[in-house]
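Q: What follows is a structure written as structure tokens; I'll ask about it next.
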Ligand code: MEV
């Protein structure tokens, strides 16, 4: 039978929120992450020019690279935005080098640098699209671990939770080296408030490391408490007990404050939200700005969004079951 090669493929992968356990997860504690219904998209197609051409629409960046592994690899350390994307390409090209040029078009619904896993979603969808185009048949775990390599260029020493949730979708209970997919039946309506305060995950991971190194015994206990929160949170999430989940989110926020990632500006917004009698509110992701997540009585979502919308960017989301997904194939 004649093999029909693909000409073009579009893959997408979701952003995420961390319900419990950010930062502590870097030190081996458990964390819980949920995929959300905002996604990154990558179209990969063969082109006649012998080059790798990348267009990142949201950041208005277009660049061409010669189709040569060494030449591309030498560029990676020098390019802040393109570097991690190129790394996804080379890790795939090492498995199968393309005979034709390739064009990648990248766009995203996930706000960049806001703690919602945009870089991981872009990495997963890039690796996923190239895997499809070159018909490599990599497993989801293999795709996730190639995306992790590119995440290391963005974040320094990431735990791997972002690429894991973006690849798998749904909700996961994650500890370094172990991923447990969770059986969450209820909708888990979450409000996300984007503080619009830009921050870098690697900076805040570094800050927590400094504090940990200065006070190891105390910080180890904080991380152990977070581990227990994630364990309890897992049962509550699977049972859909929203009020108790909110209470645990508040405790986790207290511990994030102790880790030093809640800046005065972020704490001010969190305190304002607390006054609205929500079930729970906390930072999601690295902190220092970025996004805040809110869990409240589902019947009050509209009212709470209305009250916060006056001063903030706020949107509602819920659990997305889809991880990496093929959106379109052209033969
Ligand atoms: C980033 O989404 C979450 C952090 O825990 C870093 C990591 O786990 O890689 C802050």
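The values are calculated or read from the model by the stated rules, or taken from the named source; none is laboratory data. Everything numeric in this text was worked out from a predicted model, so none of it was measured. Cβ coordinates were reconstructed from backbone atoms using ideal geometry, including for glycine residues, and neighbour counts include every protein chain displayed.
Q: Does segment 144-172 hold any residues that are away from the ligand (no atom under 13 Å from the Cβ) and under 28 Å from residue 233 (Cα atoms), and which are they?
A: Across segment 144-172, the qualifying residues are 144, 145, 167, 168, 169, 170, 171.
Q: If you check 21, 28, which single one turns out to be surrounded by fewer than 24 Cβ atoms within 10 Å (Cβ to Cβ) and either touching a residue at least 60 places away in the same chain (Cβ under 8 Å) or in the same structural domain as residue 106 (by TED's automatic domain parsing) (or both)?
A: Working: 21 fails: surrounded by fewer than 24 Cβ atoms within 10 Å (Cβ to Cβ).
Only one candidate qualifies: 28.
Q: The conditions are (1) under 13 Å from residue 197 (Cα atoms); (2) surrounded by fewer than 21 Cβ atoms within 10 Å (Cβ to Cβ); (3) under 23 Å from the mean Cα position of the chain (by Cα), and residue 264 fails exactly one of them. Which is it?
A: Looking at each condition in turn, residue 264 falls short on (3).
Q: Could you tell me which of the residues 211, 196, 228, 200 is within 11 Å of the ligand (Cβ to nearest atom) and either surrounded by fewer than 18 Cβ atoms within 10 Å (Cβ to Cβ) or over 21 Å from the mean Cα position of the chain (by Cα) (or both)?
A: Numbers: 211 fails: within 11 Å of the ligand (Cβ to nearest atom); 196 fails: within 11 Å of the ligand (Cβ to nearest atom); 228 fails: within 11 Å of the ligand (Cβ to nearest atom).
It is 200.
Q: Looking at segment 55-65, which of the residues that are touching a strand residue (DSSP E or B) at 6+ places or on another chain (Cβ under 6 Å) and exposed (fewer than 14 other Cβ atoms within 10 Å of the Cβ) is modelled with the lowest pLDDT? Show your work before the answer.
A: We begin by selecting, within segment 55-65, every residue touching a strand residue (DSSP E or B) at 6+ places or on another chain (Cβ under 6 Å); these are 55-58, 62-65.
Restricting the remaining residues to those that are exposed (fewer than 14 other Cβ atoms within 10 Å of the Cβ) gives 57, 62, 64.
Details: 57: 92, 62: 97, 64: 97.
Looking at the filtered set, the residue picked out is 57.
Q: Considering only residues that are surrounded by 14 or more Cβ atoms within 10 Å (Cβ to Cβ) and over 20 Å from residue 305 (Cβ atoms), which ones fall in segment 234-246?
A: 234, 236, 237, 238, 241, 244
Q: Tell me, which residue of segment 91-109 that is over 18 Å from residue 326 (Cα atoms) and touching a strand residue (DSSP E or B) at 6+ places or on another chain (Cβ under 7 Å) is surrounded by the fewest Cβ atoms within 10 Å (Cβ to Cβ)? Reasoning before the result, please.
A: The initial filter retains those residues of segment 91-109 that are over 18 Å from residue 326 (Cα atoms), namely 91, 93-101.
Narrowing further to those that are touching a strand residue (DSSP E or B) at 6+ places or on another chain (Cβ under 7 Å): 100-101.
Details: 100: 15, 101: 18.
My answer is 100.
Q: Among the residues of segment 80-98, write down those that are part of a loop (DSSP other than H, G, I, E, B) and at pLDDT 95 or above.
A: Applying the first criterion (part of a loop (DSSP other than H, G, I, E, B)) to segment 80-98 yields 80-81, 94-98.
Matches in segment 80-98: 94, 95, 96, 97, 98.
Q: On to the next question. Condition (residue is within 16 Å of the ligand (Cβ to nearest atom), more than 25 Å from residue 168 (Cα to Cα) and surrounded by fewer than 22 Cβ atoms within 10 Å (Cβ to Cβ)) applied to segment 277-292: is it met by at least one residue? Spell out how you get there, then give the answer.
A: Just the residues of segment 277-292 that are within 16 Å of the ligand (Cβ to nearest atom), to begin with: 282-292.
Restricting the remaining residues to those that are more than 25 Å from residue 168 (Cα to Cα) gives 288-289.
Restricting the remaining residues to those that are surrounded by fewer than 22 Cβ atoms within 10 Å (Cβ to Cβ) gives none.
No, there is no match, as no residue in segment 277-292 is within 16 Å of the ligand (Cβ to nearest atom), more than 25 Å from residue 168 (Cα to Cα) and surrounded by fewer than 22 Cβ atoms within 10 Å (Cβ to Cβ).
Q: So, one more: As an exercise: evaluate residue 257 against (1) more than 16 Å from the ligand (Cβ to nearest atom); (2) within 30 Å of residue 214 (Cβ to Cβ) and give the number of the one condition it does not meet.
A: (1)
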